[in-house]
1. Mind pulling the per residue volume of the convex hull built on the Cα atoms of segment 133-172? Å³ is fine.
2. Using every Cα-Cα pair within segment 72-146, state what percent have a distance larger than 21 Å.
3. Taking a quarter of the surface of the Cα convex hull of segment 26-169, what do you get in nm²?
Amino acid sequence: MGMILDKVSIGGGLYLNFPYGEWIVFCLALITWVERRDSRHFFLMLGTSWLIGKSFEIALPPPMVWHWHYARIAVMLFFGGWALRRAERRILPLLFTSFILSAETLFLVNEPGVFAYGDWFFTIATTFAAWLTAKSYWGTAGAFVGSVLLNQALGRFVYEGIIRHADFPDPFVWNFGVSFFTVWAGLDLGWQRFGASALRKSTSEQLLPVNGVETYEQAQDRDLQ
């Protein structure tokens, strides 16, 4: 741990400078408002969190050593808190995912480059561990986001003087997280639609499966209110 790293990316080594995550969040917010879905209020709060964080970035430029992306952190705090409130399991998933991210940070500090594609390896391992222990969408989201935030706080105070530059949150972890949970929610909704469509073909009651889809979508929206 004696070596000083010129550039360490907490949570991953691959820098993705294009704001994929922001575009996904704002596009979802626009779609929900155009369709007047109940979930539009959830995405409005996400966008508001981002704007508040961005205001802090403009008013209080972060130092070069610890580059804080306040807008992204604000979104993560809101989304992580929202997820943990709805998660059935909180402590155990958070412990497992935090352990994996702590191990990644130790490798980055002591043996940088020891893992090929380490950013993908540890991020996917964190996601997989969160899913295995939480067994739900919101539980996985809460464990993933919570462990990333906790790891950032520990990295900031533990590796003072060792790390010369770090982005909080890491762009790769941010873009991966937003993309992953958006795709998961989309696939879940698509699977429910597929099941309802298959049921429609096997029953003579045409309105039953359609109402089932509408009921599911409304339930999903109400969960985001």
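No value in this document is a laboratory result; all are computed from the given coordinates. On a predicted model such as this, the values are computed, not experimentally measured, just so you know.
1. Hull volume over Cα atoms, normalised by residue count, gives 74 Å³.
2. Roughly 29 percent, once rounded to a whole number.
3. 9.7
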